[in-house]
Every structure is written in C-alpha cells, then in structure tokens.
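Data block below; observations after.
The values are calculated or read from the model by the stated rules, or taken from the named source; none is laboratory data. Since the structure is predicted, the reported quantities are computational estimates derived from the model, not experimental observations. Every residue, glycine among them, receives a Cβ derived from its backbone with ideal geometry; neighbour counts consider all protein chains shown. For the accessible areas, the whole protein counts, side chains as well, though only heavy atoms, and no ligand, DNA or RNA atoms are used. Shrake-Rupley method; radii C 1.70, N 1.55, O 1.52, S 1.80 Å.
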Amino acid sequence: MDGDDEGVAGPMGDEAMFLNGGDDGHQQQRGIKAAMGGEQMDVEAYASLYTGRTKVVRLLFIADRFGNDGIQLEALRLAYDEIKKGEDSRLYREVAGKIACRLGPQYALDQAWADAVARRAEQRKDKLDNELNVYRTNLIKESIRMGYNDLGDFYYAHGQLGDAFKNYVRTRDYCTTSKHIIQMCLNVILVSIELGQFLHVSNYVGKAEQTPESPDPITVAKLRCAAGLAYMEAKKYKLAARKFLETGPELGNNYTEVIAPQDVATYGGLCALASFDRTELKNKVIDNINFRNFLELVPEVRELIHDFYASRYASCLEYLENLKPNLLLDIHLHDHVGALYTQIRHKAIIQYTHPFISVDLHMMAGAFKTNVSGLEKELKALITDNQIQARIDSHNKILYARHADQRNATFQRVLLTGVEFERDVRAMLLRANLLKHEYNQRAPARKA
C-alpha cells in the first residue's frame, strides 16, 4: 500500500494534521506533549548548534521568514555578531542594512571596519596570487595544491562562493593521496551546499567514497549527511532517509558548518515516516541503535515515530503539527514540509483503513479533524492511485474494503495452469518427433 519514494497521492490543503482523542488512554499515560513548535523559538539556542557561514545564513533565513519583529531582530543581532568575527564585508553590509539602526548605535554600519577588512582582503589576495604563481613556476604539485586550497579558503571566507568553488576544484589535478582527494571533495561539497548545487554534492560524495583508502568514520558520517541532503533536495525521500539513518554517532559536532546532529534526527525521521513501510520503519529506524542516539536529541521526533508505528495517529499528527512552524524555518527542510506531511498523512489514512472491512466516514473525519467531503477527496485520490483497495458509498458515507474474489482468482489460476501444461506437452511432443525422424544434429565421431 505504500507509495514509491516520491509519490504524493493528492494535495492535503492547509488543514491541521492532528486527530482527536482516538488514543486518550495512551495520551494520559504518557503525558508527553510536543512543545517545540508551540513555544516561541529560542533563536540563540538554535544558532548555537551551528558554526561558520551556515550559522549566519540560517539566522538570515529566520529573519526573512519570521513575522515577529522581536525574533527577527534577535536573529539579525546574532548574525551581526557572528559576521564581525569573520571577513565577509559584503554580508556585513547586508545585515547592517536589514537592522536599519533598530538595535541601537552599536549595531549600526561600521564603515571603518568594513573598509579595513576590504583593504586586508585585497592585500591577502595579492599575496596568495603571487605565492601560487611561484609554485606553478617551480612545478611543485603539493605546493600548487595548497596554493589553490588557500585561495579557495580566502574566497569562501569573503563570501565569493563561485571563486571558492573554482579554486577547490582546481586542486583535484594536484592531489597525490587519498587524504588530499577527500579534503578536496569535502571543500567542494561545503561550497556546493551553500550554492544550492546539489548535483555537485552527489558527484563529489561519490568521488570521496571511491578513493583507494577508506575514509575515517567521521568523514564517512559527513559524506552520508551530504548525500542525504542531496537526495532530500531532489525529493528522493526514501534514499535520503537511508543516508541519514546510516550516519554514525561519530558525526557528533564535527560537521556543524553544514548540519547539526538534531537535523539528522529530524530529516531522517520525517523522510523515513513519509517513505518507509511498517517493517522498514521498525527495522531501520526504531531498532537502529546508532540512529537512536540522534533521536534522543529531538524527543518530539522520537515520540511521533513510535506513535506512528503503534497506530497512535492522534498523538503522532499532533506532534507533527506542533513541529511545523519551526520546520518551516529550516533552510533545507522548508520546501519539503508540505510534501512530507502530505505523504505521512496519507500513510496514516491508509493504515487507519487497512484492518477494517468498512469504515464510517463521519467517524473517520472526526478522527482526522476534517469534514467528510474533504476526507472523501483524499480517499478518492488514494483509491485512484491504487494505494487503498476500497470503494466509497457516497450516499451512506461508508468506505468498503475491496476484497479479491477468491472464486474467480482460483478459476484464473486453474486456467493459467492449463495453458502452461498444454505448452509444455506440445514442446515435449515436438522434441519427441524431432528425435524420431532424426532431425537433430549429432556430434562428429572421434577418431580412434
């Protein structure tokens, strides 16, 4: 009944994704409620999960998306402070312009600082160019590689991602060891993720994995995360889930310039819910010891996965609804929230109807907090997509499971067996006649 990796049976609309009290007993016993989405976002705590350029980019994304002026200014303040630690004067001017003196004089545009950074950058660039020219003249491969790498680091620090990408790629011709190749691939992957060029991410993950020497566990975990992001961006949620689930605990805080361990749990959990069947969900997610370490960092995702598997859809979809506001502020996940939530909701509907011969649509609509006509549209889409084997009695508002006609199926099997038997007998008779009339080629007799 599960769809393929990318199948979305039909639009869900903007209705809330939670059930009513179908599992009141469990709700009272557990007493654990999702709070992440219901409370005001703690921007400072969120930003502390990341380092480097991605921290600034994520804060700016929140500032652009959040309607609350307090949250917006908090994100811009943190971004301003982080940028002042680096050398990207262009991004600094952009953030200062967005603050527009709303945070006081200490967060106004510091033109002297920006000019000083620009002067130092120009001097540093000239020095690196001269050093690289000397290395190329001397034809020392390792020095040339390091020269291009230093130029790539320089351009990346100053926000010139296109030039950084070119210089990192140029180091490829001067790599002499597997370690050099892996470093080159990780640099290219980092820049490609920030540029949104996920095809390059997939290509260079493959190159890093094909090096003669196996990468260390931390590097393997980084490559799994990068591949997961690339598959998720391509809406290949099942493949993305597998990559995130394969990420080892060695990742820790070693890749915070791209992704936090909490993101691995959230991305992997949601992609798995949207694309895995119950057996895969049990074996690859719930019983996955390594992934369990990531889920412990995000209790809401852990609980909604367990609730979904235990058919406690009320609690599961309530957790999802509570998480939604913050997920829409995630720089990688925001474009996929709608599709993932639709697929998860449809899987919940499929599993809800599967055990029953008939289902009252009024009761089901009450359980899914929607109206009967809206539920009928969703069910029609799932039936048309062959994800639910059923028919709808629109007059009495009842869903009837469509069971196979066992009598007819038996007749069909008998007829098929008869056809196969007749074919085999004809083949045997033909072979017998060929042998009888000696229409067969014999091997020439060997000479004594």
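Data overview
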| item | result |
| --- | --- |
| Where Ala443 falls short, out of the listed (1) modelled with pLDDT of 80 or more; (2) assigned to a loop (DSSP other than H, G, I, E, B) | (1) |
| Residue among Tyr204, Tyr255 that is over 17 Å from the mean Cα position of the chain (by Cα) and surrounded by 21 or more Cβ atoms within 10 Å (Cβ to Cβ) | Tyr204 |
| Count - residues of region 135-145 that are open to solvent by less than 60 Å² (accessible area, probe 1.4 Å) and out of contact with any Cys (no Cβ under 9 Å at 6 or more places or on another chain) | 2 |
| Test set (1) open to solvent by 20 Å² or more (accessible area, probe 1.4 Å); (2) under 18 Å from the mean Cα position of the chain (by Cα) - Glu303 fails condition number | (2) |
| Unmet requirement for Leu375, which otherwise passes all of (1) open to solvent by 30 Å² or more (accessible area, probe 1.4 Å); (2) of a type in the set (A, V, I, L, M, F, W, C); (3) farther than 27 Å from Pro261 by Cβ | (1) |
| Close pairs (9 angstrom Cβ cut-off, 6 or more residues apart or separate chains): touching a residue at least 60 places away in the same chain (Cβ under 8 Å) in region 338-358, open to solvent by 40 Å² or more (accessible area, probe 1.4 Å) and assigned to a helix (DSSP H, G or I) anywhere | Tyr341/Glu321; Tyr341/Lys324; Gln351/Arg278 |
| Which numbered condition Arg426 misses (of (1) open to solvent by less than 100 Å² (accessible area, probe 1.4 Å); (2) modelled with pLDDT of 80 or more) | (1) |
| Count of residues meeting criterion [open to solvent by less than 10 Å² (accessible area, probe 1.4 Å) and in contact with a Gly (Cβ under 8 Å, 6 or more places away or on another chain)] in region 348-372 | 1 |
| Qualifying residue in region 327-335 (condition: under 28 Å from Gly366 (Cα atoms) and part of a helix (DSSP H, G or I)) | yes |
| Top-ranked residue in region 378-397 [being in contact (Cβ under 8 Å) with a residue 12 or more places away in the chain and part of a strand (DSSP E or B); ranked as least open to solvent (accessible area, probe 1.4 Å)] | Ala390 |
| Top-ranked residue in region 398-423 [being open to solvent by less than 90 Å² (accessible area, probe 1.4 Å) and among the polar types (S, T, N, Q); ranked as farthest from the chain's Cα centre (by Cα)] | Thr417 |
| Index of the failed condition, Tyr50 passing every other in (1) part of a helix (DSSP H, G or I); (2) of a type in the set (Ser, Thr, Tyr); (3) open to solvent by less than 40 Å² (accessible area, probe 1.4 Å); (4) under 26 Å from Lys166 (Cα atoms) | (1) |
| Residue tally, condition in contact (Cβ under 8 Å) with a residue 24 or more places away in the chain, in a helix (DSSP H, G or I) and either open to solvent by 50 Å² or more (accessible area, probe 1.4 Å) or in contact with a strand residue (DSSP E or B) (Cβ under 8 Å, 6 or more places away or on another chain) (or both), over region 75-93 | 2 |
| Sole residue being among the basic types (Lys, Arg), modelled with pLDDT under 80 and more than 20 Å from Arg278 (Cβ to Cβ), chosen from Arg413, Arg391 | Arg391 |
| Any pair with Cβ under 7 angstrom, 6 or more apart, that starts in region 302-318 at a residue that is within 16 Å of Thr342 (Cα to Cα) and ends at one that is outside any helix (DSSP H, G or I) and among the acidic types (Asp, Glu) | Ala314/Asp23 |
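To keep it simple, each residue is scored yes or no on (1) among the aliphatic types (A, V, I, L, M); (2) open to solvent by 30 Å² or more (accessible area, probe 1.4 Å); (3) within 38 Å of the chain's Cα centre (by Cα).
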{"site": "Trp113", "(1), (2), (3)": "no, yes, no"}
{"site": "Asp126", "(1), (2), (3)": "no, yes, no"}
{"site": "Leu132", "(1), (2), (3)": "yes, no, no"}
{"site": "Gly147", "(1), (2), (3)": "no, no, yes"}
{"site": "Gly152", "(1), (2), (3)": "no, no, yes"}
{"site": "His158", "(1), (2), (3)": "no, no, yes"}
{"site": "Tyr174", "(1), (2), (3)": "no, yes, yes"}
